Amino acid sequence: MLAVTELVKTFPSSRSEKGGRVHAVDGISFQVEPGQMFTLLGPSGCGKTTTLRSVAGLEAPDAGEIKVGDRILFSSERKIRVPANERGLGMVFQSYAIWPHMNVFKNVAFPLEVDRTKKLSRSEIKERVERVLAVVQLDELAGRQATDLSGGQQQRLALARALVMEPELLLLDEPLSNLDAKLREEMRFELKRLQRELGITAVYVTHDQIEALAMSNQIAVMNAGRIEQIGKPRDVYERPASRFVANFIGTTNFLTGKVEEVTAEGARVATPSGGLEVSSPAPLARGAEVTISIRPEHILITPLTGGAPVEGADWIGAVVTRAFLGEVVDHLVSVDGVEIRVRCPATKSIPPGTRVQLEFPRQHCLVVREDL
Ligand code: ATP
């Protein structure tokens, strides 16, 4: 549906920076399958918006190719650049533009009324507008002047106006950023449901990893103008390819050590606090220094009551502090001066000062690359 190949976009650097240009997008490639929600996820300044604006036609890339279906929208080699208004894409950006002189209903109905290719009857338009307004929870405000809406309501109106066109490709740049936490969560589900029901293909830009995990079919994790990993939400969470990805998505612990022995499943690694059986996506060599990522919820924690000595056991430590997070509790456990975060259900919460043993299931101890 959408194919972006070797896309490069640079900007002149500001006077304070020495020489050269800012590589906002540094040769990225990805494909989006029809009907999928594809998310560009990464920290501020990593090039997500520039990528999306290039697809929209609002930025002129330096190099690469952008195709939607069989249509080439941009090609540096063939010197093609289709203007934004001829690309036929739906867009909702952080800075949404609504028509101030129209009411809510009219704002959404207007693009359908003026689109001669759709040839919809008055009742069909009404039906579609009402459906979309219900989804974004603006149905009760249909008669209100657009300028009398709150920021969050205006953002939902902008979303409704793009959705009502049922575009073949919808570009969304942080469309939920102005909503409060509760509404944001509801809208995630609604937006995902609508996108699936209407079979819309969407590219979604966010720096919010929870939003990306909840909504996407595929996530591309971006760092400094490049894509570090593309995968299903579960894969990027459970199989992060790099330290950056593991750190950016969710919470994790990094442990460093040396490969003692290579095994069929991965390796045995010696760390200053104890030995670990680890999994690795790539072959490891004996003696190699490795970084291991393990998520707090995957570590097993057992209180050692009665002061029973655990002869020769690794990973004996003490709970330094704990934080109640609702359903779960995070514990900071110190093992030989190394601090490790361990998450467990609130019902199993362990008070500070308690001696504990930690266990690290091999399948969750992943060797990650320091950089890609
Ligand atoms: P955010 O989440 O903060 O919007 P982003 O990941 O979308 O960040 P971009 O807006 O794509 O990042 O910016 C990528 C890089 O390009 C940044 O270093 C930014 O300062 C730079 N940049 C973007 N637009 C311009 C411009 N018009 N002129 C110069 N530099 C720019």
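Would you pick out the residues in region 144-200 that are modelled with pLDDT of 85 or more, touching a Pro at 6+ places or on another chain (Cβ under 9 Å) and aliphatic (A, V, I, L, M)?
Answer for region 144-200, where residues must be modelled with pLDDT of 85 or more, touching a Pro at 6+ places or on another chain (Cβ under 9 Å) and aliphatic (A, V, I, L, M): ALA146, ALA158, LEU159, ALA162, VAL164, MET165, ILE200.
Hand me the list of strands (runs of 3 or more DSSP E) wholly inside region 288-372 holding 2 or more residues that are basic (Lys, Arg). Can you show your working first?
Values: elements: 289-294, 300-303, 316-324, 328-335, 338-345, 355-359, 366-368.
Here the list reads 338-345.
Let me confirm something: among LEU276, LEU179, which residue is open to solvent by less than 40 Å² (accessible area, probe 1.4 Å) and in a loop (DSSP other than H, G, I, E, B)? It would help to see each step written out before you state the result.
Details: LEU276 fails: in a loop (DSSP other than H, G, I, E, B).
One residue alone meets the criteria, LEU179.
Output the number of the condition that THR50 fails; it satisfies all remaining conditions of (1) within 12 Å of the ligand (Cβ to nearest atom); (2) open to solvent by 30 Å² or more (accessible area, probe 1.4 Å); (3) among the polar types (S, T, N, Q).
All conditions pass for THR50, except number (2).
Exactly one condition in (1) within 9 Å of the ligand (Cβ to nearest atom); (2) closer than 20 Å to GLU174 by Cα is false for LYS9; which is it?
(2)
Applying the selection to region 55-75, what residues are in contact (Cβ under 8 Å) with a residue 24 or more places away in the chain and either more than 16 Å from the ligand (Cβ to nearest atom) or in a strand (DSSP E or B) (or both)?
If the condition is that a residue be in contact (Cβ under 8 Å) with a residue 24 or more places away in the chain and either more than 16 Å from the ligand (Cβ to nearest atom) or in a strand (DSSP E or B) (or both), then ALA63, GLY64, GLU65, ILE66, LYS67, VAL68, GLY69 are the ones that fit.
Tell me whether region 320-329 contains one or more residues that are within 23 Å of ILE350 (Cα to Cα), open to solvent by less than 40 Å² (accessible area, probe 1.4 Å) and modelled with pLDDT of 95 or more. So that I can check it myself, show each step before the final result.
At the first step, the residues of region 320-329 found to be within 23 Å of ILE350 (Cα to Cα) are 320-329.
So of that shortlist, the ones also open to solvent by less than 40 Å² (accessible area, probe 1.4 Å) come out as 326, 329.
From the residues that got through so far, the ones that are modelled with pLDDT of 95 or more too are 329.
The answer is yes, given that some residue of region 320-329 is within 23 Å of ILE350 (Cα to Cα), open to solvent by less than 40 Å² (accessible area, probe 1.4 Å) and modelled with pLDDT of 95 or more.
Residues being open to solvent by 30 Å² or more (accessible area, probe 1.4 Å) and within 16 Å of the ligand (Cβ to nearest atom): count how many of those fall in region 85-107.
Looking only at that region, the number is 5.
Restricting the search to region 59-87, which residues are among the charged types (D, E, K, R) and either more than 23 Å from GLN36 (Cα to Cα) or in contact with a Phe, Trp or Tyr (Cβ under 9 Å, 6 or more places away or on another chain) (or both)?
Filtering region 59-87 down to residues among the charged types (D, E, K, R) leaves 59, 62, 65, 67, 70-71, 77-79, 81, 86-87.
Selection gives GLU59, ASP62, GLU65, LYS67, GLU77, ARG78, LYS79, ARG81.
Condition first: within 26 Å of the chain's Cα centre (by Cα) and open to solvent by less than 10 Å² (accessible area, probe 1.4 Å). Now tell me which residues in region 134-151 satisfy that. Break it down into steps so the answer makes sense when it comes.
If we filter region 134-151 for residues that are within 26 Å of the chain's Cα centre (by Cα), which is where we start, we get 135-137, 151.
Scanning region 134-151 gives a single hit, VAL136.
So, of the residues in region 28-47 that are out of contact with any helix residue (DSSP H, G or I) (no Cβ under 6 Å at 6 or more places or on another chain) and surrounded by 16 or more Cβ atoms within 10 Å (Cβ to Cβ), which turns out to be farthest from LEU172 (Cα to Cα)? Full working, then the answer.
Step one: list which residues in region 28-47 are out of contact with any helix residue (DSSP H, G or I) (no Cβ under 6 Å at 6 or more places or on another chain), which gives 28-36, 38, 43-47.
Keeping just the survivors that are surrounded by 16 or more Cβ atoms within 10 Å (Cβ to Cβ) gives 28, 30, 32, 36, 38, 46-47.
On the way: ILE28: 19, PHE30: 17, VAL32: 14, GLN36: 13, PHE38: 10, CYS46: 16, GLY47: 14 Å.
The qualifying residue farthest from LEU172 (Cα to Cα) is ILE28.
With the requirement that a residue be touching a helix residue (DSSP H, G or I) at 6+ places or on another chain (Cβ under 6 Å), under 20 Å from ALA313 (Cα atoms) and open to solvent by 50 Å² or more (accessible area, probe 1.4 Å), what does region 330-363 give you?
If the condition is that a residue be touching a helix residue (DSSP H, G or I) at 6+ places or on another chain (Cβ under 6 Å), under 20 Å from ALA313 (Cα atoms) and open to solvent by 50 Å² or more (accessible area, probe 1.4 Å), then ARG341 is the only one that fits.
The values are calculated or read from the model by the stated rules, or taken from the named source; none is laboratory data. Remember, predicted model here, so these are calculated numbers, not experimental data. A quick note on method: Cβ atoms are made from the backbone with ideal geometry, for glycine too, and the neighbour counts reach across all protein chains shown. Accessible surface areas use protein heavy atoms only, side chains included; no ligands, DNA or RNA. Shrake-Rupley method; radii C 1.70, N 1.55, O 1.52, S 1.80 Å.
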